[in-house]
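Q: Could you have a look at this structure, given as structure tokens, before my questions?
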Amino acid sequence: MLNRFIGLSAAIVGRSSRISGFPFSPLLKAGNQSQNRTMSAGKAFKVLVTHPEVPQEGIDLLKENCEIIQVQSVPINRAELLEKIRGVDGVLWGGHEPLNAEALDAAGPQLKSISTMSAGIDYVDVPEVKRRKIPLGHTPTVLNTAVADLAVGLLIAASRRFHEGRKTIDNDKWENYHLNWLLGQDIRDSTVGFYGFGGIGQAIAKRLSGFDIDKVLYTTRRRVHKEIEEEFNAKKVDFDTLLAESDFVVIASPLTKDTQGVFNATAFNKMKQTAVLVNIARGKIVNQDDLYEALKSNRIFSAGLDVTDPEPLSPKDKLLTLDNVVVLPHIGSATKRTRADMSTIAAHNVLRGLAGEPMLSPAY
């Protein structure tokens, strides 16, 4: 994706930051002199950073005009978080700890700006934050590239039996004297179905176009723009059609009460026996017990998962006993560049909220 400048006035962050793939956002009004004085006079705002490993790029932006308080425990100690959040004006929420009424009550009524450092916000009590009229930001888009790259890797690994193949080496069962040994599924000329076809889904489809797929099907609440459909040879279909016709099914949808558990025994029984399931969204969208049965019985061919339910997954989980599933520990956005970009966007969000300006990437 193209690199574009995201500007913020010197009074707010002191410099511009270059973020890969993030749309241009206009400058805050440099003429807001009263706000400039407030921001520059003795670091008037206190901001809590809730994780000690938030990349320095975001923290450096905040430090220019804010006093920084940082949670130091890993895993996060809830008591430490609730103690340090008292009296702050802004929060950069750097983990997946519940962001709920308990945390908001501990902060106090002066809290005026929050941003997560994530695309998904299922751990946030959004209605409660909205009720208190606190601006909430998040960091979608900047992680699309990293997640899409990983999704394609999972799709290939699951369809070509990487995990199973490695186990044959570990167990001294390399049987290359068979002509039909470890045959996998072709991506070429396949139909790829997307459950959710937003920025990440489209980034995956863009990459898969280089593998000469036949077409894209997608299931979403709203149809995407006609130009996007034409670019990816994509067609909006209902869920049952998606399941029945797709050679690969990619889950790229947010977790909501409507999407939770929709991939269950009923759904798996509607999929092709040769189908490959890839989930880079949220583990709870899949009924994991039903997935285990579908994989164990070869009702579907294989699965590639970057997300599970629960996380972390127990090393004794029955899913890990199967040969035809590739499981990763939720590392979709785990590249140095992506995490730095996420921290920068989150910092911009917090600063804009403190300045009373629209956030760069609002959650609502």
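The values are calculated or read from the model by the stated rules, or taken from the named source; none is laboratory data. Quick caveat, the model's predicted, so the values are computed rather than measured. Here the Cβ positions follow ideal geometry from the backbone for every residue, glycine too, while neighbour counts run over all protein chains shown. Accessible surface is based on the protein model in full, side chains and every heavy atom, while ligands, DNA and RNA are left aside. Shrake-Rupley method; radii C 1.70, N 1.55, O 1.52, S 1.80 Å.
Q: Scanning for something farther than 19 Å from residue 349 by Cα and modelled with pLDDT of 95 or more, does segment 53-66 turn up at least one residue?
A: No: segment 53-66 contains no residue that is farther than 19 Å from residue 349 by Cα and modelled with pLDDT of 95 or more.
Q: Next question, about the same structure. What number of residues within segment 320-338 satisfy the criterion of being part of a loop (DSSP other than H, G, I, E, B), of a type in the set (S, T, N, Q) and open to solvent by less than 50 Å² (accessible area, probe 1.4 Å)?
A: The number of residues fulfilling the criteria is 2.
Q: How many residues does segment 84-129 hold that are modelled with pLDDT under 95 and open to solvent by 50 Å² or more (accessible area, probe 1.4 Å)?
A: Adding up the residues that qualify gives 2.
Q: Then there is this: Every residue in segment 85-129 that is part of a loop (DSSP other than H, G, I, E, B) and within 14 Å of residue 363 (Cα to Cα), please.
A: Scanning segment 85-129 gives 117, 118, 119, 120, 121, 122, 123, 125.
So that you can scan it fast, the table gives a plain yes or no per residue for (1) within 23 Å of the chain's Cα centre (by Cα); (2) under 19 Å from residue 326 (Cα atoms):
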residue: 192; (1), (2): yes, yes
residue: 211; (1), (2): no, no
residue: 267; (1), (2): no, no
residue: 273; (1), (2): no, yes
residue: 279; (1), (2): yes, yes
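Q: Next question. Any residue that is assigned to a helix (DSSP H, G or I), touching a strand residue (DSSP E or B) at 6+ places or on another chain (Cβ under 6 Å) and small (Gly, Ala, Ser) - is there at least one of those in segment 165-188?
A: Checking segment 165-188: not a single residue is assigned to a helix (DSSP H, G or I), touching a strand residue (DSSP E or B) at 6+ places or on another chain (Cβ under 6 Å) and small (Gly, Ala, Ser).
Q: Give just the number: which of (1) in a helix (DSSP H, G or I); (2) in contact with a strand residue (DSSP E or B) (Cβ under 7 Å, 6 or more places away or on another chain) does residue 142 not satisfy?
A: Status for residue 142: all satisfied but (1).
Matching residues to (1) within 25 Å of residue 345 (Cα to Cα); (2) surrounded by 14 or more Cβ atoms within 10 Å (Cβ to Cβ); (3) not assigned by the TED database to the domain that holds residue 107:
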{"position": "131", "(1), (2), (3)": "yes, no, yes"}
{"position": "134", "(1), (2), (3)": "yes, yes, yes"}
{"position": "138", "(1), (2), (3)": "yes, yes, yes"}
{"position": "147", "(1), (2), (3)": "yes, yes, yes"}
{"position": "164", "(1), (2), (3)": "no, yes, yes"}
{"position": "177", "(1), (2), (3)": "no, no, yes"}
{"position": "187", "(1), (2), (3)": "no, yes, yes"}
{"position": "204", "(1), (2), (3)": "yes, yes, yes"}
